[in-house]
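What follows is a single structure, and I will ask about it in a moment.
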Amino acid sequence: MHKKFALLLICVSFLILTACTPGSSSAPEDKKSDKSKPEIGMSFDSFVIERWIRDRDVFVATAKELGADVNVQTANGEVAEQIDQIEYFIDKGVDAIVIVATVRALKYNGGVAKADLGTPDLEALKKGIVNLGKHIENMRSYGVPQIVALNVFDSDTDEEIAYVRGYCNDLGAEFALSECWEKGGAGGEELARK
């Protein structure tokens, strides 16, 4: 059964952490793809973090091996440009929007210094998670289901992960753990099943 679907990854994990020099932008090309193939659209805030470039390359190669078309865009730190990219993907008919977050970024939004992000701090997480809530609210306005993928790191506690899961569920967003960095493809199975 071939059903067109698309996932839009919005990398909010470092949206607040990164500061980029605005660059020139170009609208995504409107290419006609084979509608029988899965279609994946990805909009990154930026590629200032080297790991994001490596992750993108591995993801694109794997998705293409599995027969998917992939369209990757970067907003170069420009919020308006990223919104345009998201709207472009939604106009193409996505079935879900995946918002990628980390406990570390949420704690940073809650006031924790970068040097202390690996230290458990549920109160800072509770303060910073409103940023994720706003992203969920904004994406809900498009009428497309939202899935929050939480990139899990060794420093994340079970209590912090449970809090993020409960918060997302309370807002009506689906939730999945992403443990690909530790477990490879097996670490992404929960998200893939959503």
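The values are calculated or read from the model by the stated rules, or taken from the named source; none is laboratory data. Not measured: the values here are computed from a predicted model. Glycine also receives a Cβ, built like all others from the backbone with ideal geometry; neighbour counts cover every protein chain displayed. Calculation scope for accessible area: heavy atoms of the full protein, side chains included, ligands and nucleic acids excluded. Shrake-Rupley method; radii C 1.70, N 1.55, O 1.52, S 1.80 Å.
Any residue that is surrounded by fewer than 20 Cβ atoms within 10 Å (Cβ to Cβ) and hydroxyl-bearing (Ser, Thr, Tyr) - is there at least one of those in the stretch 40-58?
Scanning the stretch 40-58 turns up no residue that is surrounded by fewer than 20 Cβ atoms within 10 Å (Cβ to Cβ) and hydroxyl-bearing (Ser, Thr, Tyr).
Next up: Is it the case that some residue within the stretch 115-126 is of a type in the set (Lys, Arg) and either over 26 Å from Glu39 (Cα atoms) or at pLDDT 95 or above (or both)?
Looking through the stretch 115-126, at least one residue is of a type in the set (Lys, Arg) and either over 26 Å from Glu39 (Cα atoms) or at pLDDT 95 or above (or both).
Taking into account only those residues within the stretch 90-130 that are within 20 Å of Arg165 (Cα to Cα) and touching an Asp or Glu at 6+ places or on another chain (Cβ under 7 Å), which is surrounded by the fewest Cβ atoms within 10 Å (Cβ to Cβ)?
Here is the first cut: in the stretch 90-130, the residues within 20 Å of Arg165 (Cα to Cα) are 96-110, 117-130.
Remaining after also requiring touching an Asp or Glu at 6+ places or on another chain (Cβ under 7 Å): 103, 107, 120, 122, 125.
On the way: Val103: 28, Lys107: 28, Pro120: 13, Leu122: 15, Leu125: 24.
Among residues in the stretch 90-130 that are within 20 Å of Arg165 (Cα to Cα) and touching an Asp or Glu at 6+ places or on another chain (Cβ under 7 Å), the one surrounded by the fewest Cβ atoms within 10 Å (Cβ to Cβ) is Pro120.
Name every residue in the stretch 150-159 that is part of a helix (DSSP H, G or I) and either touching a strand residue (DSSP E or B) at 6+ places or on another chain (Cβ under 7 Å) or touching a residue at least 40 places away in the same chain (Cβ under 8 Å) (or both), in order of residue number. Reasoning before the result, please.
So in the stretch 150-159, the residues part of a helix (DSSP H, G or I) come out as 158-159.
None; the set is empty.
Something else now. Contact list please: Cβ distance under 6 Å, first residue in the stretch 70-81 and in contact (Cβ under 8 Å) with a residue 40 or more places away in the chain, second residue surrounded by fewer than 18 Cβ atoms within 10 Å (Cβ to Cβ), pairs at least six apart or on different chains.
Listed pairs, sorted by first residue: Gln73/Pro28; Asn76/Cys20; Asn76/Gly23; Gly77/Cys20; Glu78/Pro22; Glu81/Ser25.
Given the criterion under 25 Å from Gly143 (Cα atoms) and part of a helix (DSSP H, G or I), identify the matching residue among Ala162, Ala192, Ala176.
Ala192
Okay, moving on. Looking at the stretch 163-179 only, could you name the residues that are open to solvent by 60 Å² or more (accessible area, probe 1.4 Å) and without any contact (Cβ under 8 Å) to a residue 12 or more places away in the chain?
If the condition is that a residue be open to solvent by 60 Å² or more (accessible area, probe 1.4 Å) and without any contact (Cβ under 8 Å) to a residue 12 or more places away in the chain, then Asn169, Asp170 are the ones that fit.
Shifting gears a bit: Would you check if there is a residue in the stretch 14-37 being in contact with a Cys (Cβ under 7 Å, 6 or more places away or on another chain), of a type outside the set (Ser, Thr, Tyr) and either open to solvent by 30 Å² or more (accessible area, probe 1.4 Å) or modelled with pLDDT under 70 (or both)?
No - not one qualifying residue is present in the stretch 14-37.
Hey, another quick one. Would you mention how many residues in the stretch 41-93 are under 22 Å from Gly143 (Cα atoms) and in a helix (DSSP H, G or I)?
So the count comes out to 13.
What number of residues within the stretch 150-162 satisfy the criterion of being polar (S, T, N, Q) and either within 14 Å of the chain's Cα centre (by Cα) or crowded, with 20+ Cβ neighbours inside 10 Å (or both)?
The number of residues fulfilling the criteria is 1.
Still on this model: Based on what the data block shows, is Ala101 within 20 Å of Asp55 (Cβ to Cβ) and part of a strand (DSSP E or B)?
yes
A further question on this structure: Failed condition for Ile147, given (1) modelled with pLDDT of 90 or more; (2) part of a helix (DSSP H, G or I); (3) more than 23 Å from Gly118 (Cβ to Cβ); (4) open to solvent by less than 80 Å² (accessible area, probe 1.4 Å), with all others met?
(2)
So, of the residues in the stretch 185-194 that are open to solvent by less than 70 Å² (accessible area, probe 1.4 Å), small (Gly, Ala, Ser) and within 17 Å of the chain's Cα centre (by Cα), which turns out to be farthest from Tyr108 (Cα to Cα)? Outline the logic, then answer.
Within the stretch 185-194, the first condition is being open to solvent by less than 70 Å² (accessible area, probe 1.4 Å), and the residues that meet it are 185-188, 190-191.
Restricting the remaining residues to those that are small (Gly, Ala, Ser) gives 185-188.
Restricting the remaining residues to those that are within 17 Å of the chain's Cα centre (by Cα) gives 185, 187-188.
Details: Gly185: 28, Gly187: 24, Gly188: 24 Å.
The extreme case among them is Gly185.
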